[in-house]
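The values are calculated or read from the model by the stated rules, or taken from the named source; none is laboratory data. Please read these numbers as outputs of a predicted model, since none were measured by experiment. Cβ placement follows ideal geometry from the backbone for every residue including glycine, while neighbour counts extend to all protein chains displayed. Side chains are part of the model used for accessible areas, which takes the heavy atoms of the whole protein and leaves out ligands, DNA and RNA. Shrake-Rupley method; radii C 1.70, N 1.55, O 1.52, S 1.80 Å.
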Amino acid sequence: METIKLIFTHLNGWGLTVILLVTGMLEFSFGLYRNWKATEKAVDLASILLGRLVMPVIVSWFALTLLPNVIPQFRNVFSWVPFGWGVLLLAISDDLTQYWYHRLHHEVPWLWKFHRTHHSAPYMGMAMASRQNFIYTVLFPQIYATITLTYLGLGFPALVVRGIKGLITTMAHSSIRWDKPLYDYKWLHPVAWILERTISLPATHHAHHAAHDRDGVGHYQGNYGNMFFLWDVIFGTAKITRQYPEQYGLEHYQEEEWYAQMFYPVFKSKKEGSELAAAPKQQSLTEDINPEVVTI
């Protein structure tokens, strides 16, 4: 157990950061960041900085100040739960909560504007893995559910789940199609069948970021799973093609200012007709997620 704890402590501490940087450099060296304009770089960088500098402060306040004052009597009340059951409880509570949070932001028009930033990137890759409107990030319900369960005594399981989930979701956003051998080699098809129905892979998650569905691959109104693709299978939102979309991005994307994408509705876009403007052009969610940008 001490060895496992040490491994996941390092994975959460510096391991995932190193994996992200190395993968990002490989993607860049392979020329996979086409059309990576100044606006995109600004949004990606702002998302990374806010996530690394501001979110830890909010999380620390919630864990170290709010919970001890609100429910001091429940600290470590679940410390008796066996490690395996703790991991299962954390994995389900964290990822299932995020599945529905994510899905609602696609299905409810006014919520979509808070998640739109993540889909405005005309590419897939490590640079945009954490690209989100800051309000969307701050209100992540799974963060607070996991912190609460950690406070209640499931810290070690939370450490493991966070590491595994971070690795899966990070690599699912990669523009390196590392899952392709699973589909190309017949002897690996049984492995592919199991994995693609269990966790998020590039093929299934890239489909979620597709600009359109005319290629028979794009499925931006589904494939919502983050760590577990299993939720999509259970709730009927899964689409598995073992292929990758032709295009990524938004049809009506106008490269809105980085601050509008990051902090809408506090700051709104000055671009006429933008969904993020003070008086946006009326359009449906389906119209917004459609072709424009780069062919990968």
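The figures follow:
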quantity: Out of Thr150, Thr137, sole residue that is open to solvent by less than 30 Å² (accessible area, probe 1.4 Å), part of a helix (DSSP H, G or I) and either within 27 Å of Ala63 (Cβ to Cβ) or among the hydroxyl-bearing types (Ser, Thr, Tyr) (or both); calculated: Thr137
quantity: Conditions (1) closer than 20 Å to Tyr220 by Cβ; (2) of a type in the set (A, V, I, L, M, F, W, C); (3) assigned to a helix (DSSP H, G or I): number failed by Met124; calculated: (3)
quantity: Subset of segment 166-187 [out of contact with any helix residue (DSSP H, G or I) (no Cβ under 7 Å at 6 or more places or on another chain) and either closer than 14 Å to Ser93 by Cα or assigned to a helix (DSSP H, G or I) (or both)]; calculated: Ile168, Thr169, Met171, Lys180, Asp184, Lys186, Trp187
quantity: Inter-residue pairs, beta-carbon under 7 Å, first modelled with pLDDT of 95 or more and of a type in the set (A, V, I, L, M, F, W, C) and in segment 89-111, second open to solvent by 40 Å² or more (accessible area, probe 1.4 Å) and in a helix (DSSP H, G or I), 6+ apart; calculated: Leu111/Leu104
quantity: Segment 47-77: number of residues that are of a type in the set (Ser, Thr, Tyr) and surrounded by 11 or more Cβ atoms within 10 Å (Cβ to Cβ); calculated: 2
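Conditions (1) surrounded by fewer than 21 Cβ atoms within 10 Å (Cβ to Cβ); (2) more than 25 Å from Leu32 (Cβ to Cβ); (3) of a type in the set (A, V, I, L, M); (4) modelled with pLDDT of 95 or more, marked per residue:
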{"position": "Phe228", "(1), (2), (3), (4)": "no, yes, no, yes"}
{"position": "Thr237", "(1), (2), (3), (4)": "yes, yes, no, yes"}
{"position": "Gln282", "(1), (2), (3), (4)": "yes, yes, no, no"}
{"position": "Ile296", "(1), (2), (3), (4)": "yes, no, yes, no"}
